[in-house]
Each structure stands twice: as C-alpha cells, then as structure tokens.
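**Student:** Dropping the structure in here first, questions after.
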Amino acid sequence: MTAQLIDGNALSKKTRAEVAQRVAALAAQGHRPGLAVILVGHNPASQVYVKHKVADCESVGMHSVLDRHPADLPEAELLARIHELNADPGIHGILVQLPLPAHIDANKVIETISPAKDVDGFHVASAGALMIGRHGFKACTPYGCMKMLEAIGCNPKGKHAVVIGRSNIVGKPMAMMLLQANATVTVCHSATPDLAHHTRQADIVVAAVGKRNVLTADMVKPGAVIIDVGMNRNDEGKLCGDVDFDGVSKVAGWITPVPGGVGPMTRAMLLVNTIEAAEYAAA
Ligand code: GUN
C-alpha cells in the first residue's frame, strides 16, 4: 500500500484564504484584527518563526506588531508590556515567542496574557477549558492536526488514536482534542515500555517527540492515518519528522510530509485564533 499525502501547504492556503475573507468582513465593519508578537533575545530559530508570523498576518490583511526586546530584559518590564497590550483595543492576539531567556519565568509570562488574547492557547485557562470541553483558544499545532484529519474525512469518533509525546504544547492538548472528538486515546511517552504494542493498534498516530524514526513501518497498522509533528534534521542536514516517512508511507493509508505537513497548518491556525479573537471583540 502507498499512503496518500495530507498536503499541509494546500490546506493552509485554503485556511488562510478563509481567514482573509473574515478579515475583510470585519474591515467592512471598521475593525482591523491585530496580533502582537513578542520576541526576547536573539534565538535564531525564534527570529525566523516570528518573521513568518508577522508575514502571515500581512498576507491576510491583519495588523501585526513585532515587539523585539534585548535578552537581558527584566521580567517585570516584559510583564508590564503584556499588561499594556492586554489593554490595547487594536491588539486582539498576544504571542510571546518561546523559549524565553532563563531569568524569565515563562509560566508567569503566559499567565499574564489575557485569556481573551491568548492566541497560542498556552494560558492555564485555555488549557483548562480544553480539558473540560469549554470554549477557549486551542494550541495551534494540535488544532492544525485536527483540521488535517477533518480535511481527509477522518472522523476520530470510535477510532483508536495514539499520541506519542506528552508536551504541554502538543501531546497533551492533542490527546484532549482527540478525546473531545470521541476517539479512544492512548498517550505514549519516554517511559512507555513497548511503544510498538500501542501504535500497532492505532487507527490514528500523532508523533510529537522531536526525534527521528520514532515510528517505523513495522509499528504501523495497515491503512492508519499518520500525523508527523516532528521537526528534525537528518545526517545530511535535511528537514525530517519523527516518522520514517519512506517506510511508513508503504503501510499507512494517509501520512503528513515534513516539510509541508503540520508546520504550515500550525501557522495558519494562529491566524484562525487571531481572527476569532477579533470577531469576538467586535461582536
Ligand atoms: N516556540 C516554538 N513554537 C512556539 C509556538 O507555537 N508558540 C510560541 N509562542 N513559541 C513557540
């Protein structure tokens, strides 16, 4: 069997076009959605990410502010800046790029963001809302994965989903979203003794570990849907995911590529969360 590709580039393009329409509809009522992106320090990967986020806003007609600060910014000043943005009616979403320098308490920073502007979905109130099935912003990566399942007509209801990884940003919210969609969910992690035993039973596997070849062909049920959240480099320096793509794509029914899979959808869902925040504020 050769798996069908879940094209994150194509789906993100469609999602961005939908957001652009919603931006235009708000503009017609005199409102312009705005996202503030805060970067502290000079982490090279973070610099690239924030540039993309700002460009994505522009591409759909949203206003964005890139708020750059030196690596030695005192925590109190960062918190004060967030309070300012919380009170700014032209800003609907606030994102603090992680990781933050070691002298800053990331939890404290995230929890200073108003939950109404928490477009990353990292605030404890957003995470709690997801846990109990209430409305709140959803973390962009797992939210994008759910959209990918929807796009291929894969309803998780009654299916066995295995999530590999238990991070607060991907694994845990992914498990909650799948559970909310009525899947039977198994969460595997670094202390799971026999990972293959679980993944072989899965109709859906989400790999979110950050390590190459975590999932190989012998660990996959024929026809399963494979979502690869990983972003790694192989020996030749080429971008690759957590899944052995060449092997697994011979067994799976559907698979996301890396690059061109989950990554573009994560970026698109930030725009979805931001337009939602702006629509809510305008209503
Ligand atoms: N660093 C890596 N990924 C993310 C993300 O999705 N949001 C934020 N704020 N920081 C990140």
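**Student:** What is the distance in Å between the Cα centroid of the stretch 54-71 and that of the stretch 227-283?
**Tutor:** Going from one Cα centre to the other spans 21 Å.
**Student:** Still on this structure, please answer the following. Pull out a ≥ b ≥ c, the square roots of the eigenvalues of the alpha-carbon gyration tensor of the stretch 1-85, then state rounded if a/c is under 1.5, prolate if not and a/b is larger than b/c, and oblate in the remaining case.
**Tutor:** In terms of gyration-tensor shape, oblate.
**Student:** Please state the relative contact order of the chain as a whole percent: Cα pairs under 8 Å, 6+ residues apart?
**Tutor:** 23 percent
**Student:** Under 10 °C and 1.306 mPa s, how fast does the stretch 22-140 diffuse according to Stokes-Einstein, given a Kirkwood radius computed over C-alpha pairs? Answer in µm²/s, whole number.
**Tutor:** 106 µm²/s
**Student:** If you don't mind, there's one more thing I want to ask. Of the listed peptides 167-180, 127-140, what is their order by residue-averaged count of other C-beta atoms within 10 Å, with the highest listed first?
**Tutor:** 167-180, 127-140
**Student:** Could you list Val243, Val251 in order of exposure, starting from the residue whose Cβ has the fewest other Cβ atoms within 10 Å?
**Tutor:** Val251, Val243
**Student:** Okay, moving on. Please give the FRET efficiency for Asn155 paired with Lys250, using the beta carbon to beta carbon distance and R0 = 35 Å, rounded to the nearest 0.05.
**Tutor:** The pair Asn155/Lys250 has a calculated efficiency of 0.90.
**Student:** Still on this model: Would you tally the net charge around Leu78, using a Cβ to Cβ cut-off of less than 14 Å, leaving Leu78 out, and scoring K and R as +1, D and E as -1?
**Tutor:** So the surrounding residues net to -4.
**Student:** With the contact rule set at Cα under 8 Å and sequence spacing of 6 or more, what percent relative contact order holds for the stretch 30-115?
**Tutor:** Normalised by residue count, the contact order of the stretch 30-115 is 40 percent.
**Student:** Next question, about the same structure. If you line up the Cα atoms of the chain on their principal axes, what length do they span on each, largest first, in Å?
**Tutor:** That gives 53, 43, 39 Å along the principal axes, largest extent first.
**Student:** Same structure, new question: Residues of the stretch 39-83 with backbone nitrogen within less than 12 Å of a virtual label 7 Å along the Cα-to-Cβ line of Arg233, please, listed as ranges.
**Tutor:** Correct set: 45.
**Student:** Treating only the Cβ of Lys, Arg, Asp and Glu as charged (+1, +1, -1, -1), what charge dipole size does the stretch 50-184 show about its Cα centre? Round to the nearest 20 debye.
**Tutor:** Using Cβ point charges on Lys, Arg, Asp and Glu, the stretch 50-184 gives about 740 debye.
**Student:** Sticking with this one: Below 26 Å, Cα to Cα, which lysines can Lys159 reach? Residues fewer than 8 away in the same chain don't count.
**Tutor:** List returned: Lys138, Lys147, Lys172, Lys211, Lys221, Lys250.
**Student:** Compute a Gaussian network model of the chain, connecting alpha carbons closer than 10 Å, and tell me which residue from His42, His63, His189 fluctuates the most.
**Tutor:** Judging by the Gaussian network model, the answer is His42.
**Student:** Let me know the shape class of the stretch 139-263, please: from the alpha-carbon gyration tensor, a ≥ b ≥ c as square roots of the eigenvalues, rounded when a/c is under 1.5, otherwise prolate if a/b is greater than b/c, or oblate.
**Tutor:** Rounded shape, in that the Cα axes give a/c under 1.5.
**Student:** At a Förster radius of 30 Å, what calculated FRET efficiency corresponds to the Cβ-Cβ distance of Lys108 and Arg200, to the nearest 0.05?
**Tutor:** Plugging the Cβ-Cβ distance into 1/(1 + (r/R0)^6) gives 0.10.
**Student:** Something else now. Span-like helices, the chain: DSSP H, alpha-carbon axial extent 18 Å or more, mean Kyte-Doolittle 0.0 or greater, which ones?
**Tutor:** Once both thresholds are applied, what remains is 262-282.
No lab work stands behind these numbers, since they all come straight from the coordinates. Note that the coordinates shown come from a computational prediction; the quantities given were computed from them, not determined experimentally. Note that we place each Cβ from the backbone using ideal geometry, even for glycine, and neighbour counts take in every protein chain shown.
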